1. Say whether the condition of being of a type in the set (Lys, Arg), closer than 15 Å to Ala311 by Cα and at pLDDT 85 or above is met by at least one residue in segment 167-177.
2. Filter segment 122-141 down to residues that are charged (D, E, K, R) and over 16 Å from Leu196 (Cβ atoms) and give me whichever is surrounded by the fewest Cβ atoms within 10 Å (Cβ to Cβ).
3. Every residue in segment 55-108 that is of a type in the set (Lys, Arg) and open to solvent by less than 50 Å² (accessible area, probe 1.4 Å), please.
4. Any idea which residue in segment 142-158 is surrounded by the fewest Cβ atoms within 10 Å (Cβ to Cβ), counting only those that are touching a strand residue (DSSP E or B) at 6+ places or on another chain (Cβ under 9 Å) and in contact (Cβ under 8 Å) with a residue 12 or more places away in the chain?
5. Name the residue that is least open to solvent (accessible area, probe 1.4 Å), counting only residues in segment 176-197 that are closer than 21 Å to Glu94 by Cα and acidic (Asp, Glu).
6. Output the number of the condition that Ser223 fails; it satisfies all remaining conditions of (1) open to solvent by 10 Å² or more (accessible area, probe 1.4 Å); (2) within 20 Å of the chain's Cα centre (by Cα); (3) more than 24 Å from Arg146 (Cα to Cα).
7. Restricting the search to segment 108-126, which residues are in contact (Cβ under 8 Å) with a residue 40 or more places away in the chain and under 24 Å from Lys179 (Cβ atoms)?
8. Restricting attention to segment 247-261, report how many residues are in a helix (DSSP H, G or I) and surrounded by 24 or more Cβ atoms within 10 Å (Cβ to Cβ).
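The values are calculated or read from the model by the stated rules, or taken from the named source; none is laboratory data. The shown structure was predicted, so the numbers you read here are calculated from the model rather than taken from an experiment. Methodologically, a virtual Cβ is constructed for each residue, glycine included, from the backbone with ideal geometry; neighbour enumeration extends over all protein chains shown. Only protein heavy atoms, including side chains, enter the accessible area calculation; ligands, DNA and RNA are left aside. Shrake-Rupley method; radii C 1.70, N 1.55, O 1.52, S 1.80 Å.
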Amino acid sequence: MSVGIRCPACQHKFIPAAQPADGRLACPACARQLKLPRPADPSDPLVGRTIAGYQLLKRLGTGAMAAVYQARPLAGGAHVAIKMLTSEAAKDEETVARFRREAELAHSLTHPHVVAVSGNGTENGVHWMALELVAGISLEAAIDRRQRLPWIEAAQVVLQIGEALVHLNARGILHRDVKPANILLTADGTAKLTDLGFAKSVGPSVGQDDAAGLTMAGMAMGSPAYMAPEQVLDAKAVTHSADVYGLGATLYHAVTGETPFSGRNAYEVMEKVVKEDPVPPRTYVPDLPAGLTAFLLWSLTKDPARRPRDAVEFVSALTAVVAAPEDVQRFTQKKAGLRDRGILALLLAGGLLSATAAWWFSRG
């Protein structure tokens, strides 16, 4: 079966005519050079090997930065997913620091809608972490397969992830990369948030990211189509409202089948995120409830002070939408502030968008 590829720069979805021999191909929409993950290989030399007391059983996936294997603990117990940095990624000190930071933050969390991390370390130069093995697919894959989800189904998934963000909020953690690809769905409909690679602590441990040099002022960080405007301009300055924006963008994508913003490259997407309003959801799905449409636009408001301030408010409002999907009165006052762009205009005048886009492209 052919597998669809989504370009991370312009969000264009396409099916390659063939698997390129070198694993690289150009996006037909924006020409960005993409490196495709290698398909699982039953002859993988690591299968059967052990690391930190786990026997690797099969490779579940490989990306530019890490490989993930299903593994069984030699001491017995449930199978886990072992995530390991690639040898190339392990050469970069910042990547290693982020990997360790991700494991430490995830290990501190215990919530039914957050993928659990049970351990991490380094063995023979290999950086690894053991994660809860989730049997299912990502929300992104579900959207790709079904084009879009019924709004009530999508809302239930997003409410579960909202509860996960409430848990992170309470512990002073920003996720900073909430998107469909980082939401896993089990067969029974349970949604789980994963990948804290861009996460930041703003609680008692505030300053740890800065001390480690992991987030520089004026630097974008995340996935352009789901990033809040303030995150595009400066990932260091974001609050919990940026995660709420990402969750709103995720719900928008799930119910319409389209991302709120798209473009020929990452810069164009980020420019639209900062300067333009999203296409009204009913343009894609005319029968979406009026209350849901208003909620989505409120969640994607440019000014963070005028969108849900945190996951608690987001979950409360979306729960009310599910109960009364055509009620738009509660959003009347909120929608009045949708065009307040003063602060963002000043930031744009400073040229931050160009600087952050340059950094994003430098990631390769």
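1. Checking segment 167-177: at least one residue is of a type in the set (Lys, Arg), closer than 15 Å to Ala311 by Cα and at pLDDT 85 or above.
2. Selected residue: Glu123.
3. Matches in segment 55-108: Arg59, Lys83, Arg98, Arg101.
4. Per the criteria, the residue is Gln156.
5. This residue is Asp177.
6. If we test Ser223 against (1) open to solvent by 10 Å² or more (accessible area, probe 1.4 Å); (2) within 20 Å of the chain's Cα centre (by Cα); (3) more than 24 Å from Arg146 (Cα to Cα), just (3) comes out false.
7. The answer is Ser108, Leu109, His111, Pro112, His113, Val114, Val115.
8. The total comes to 9.
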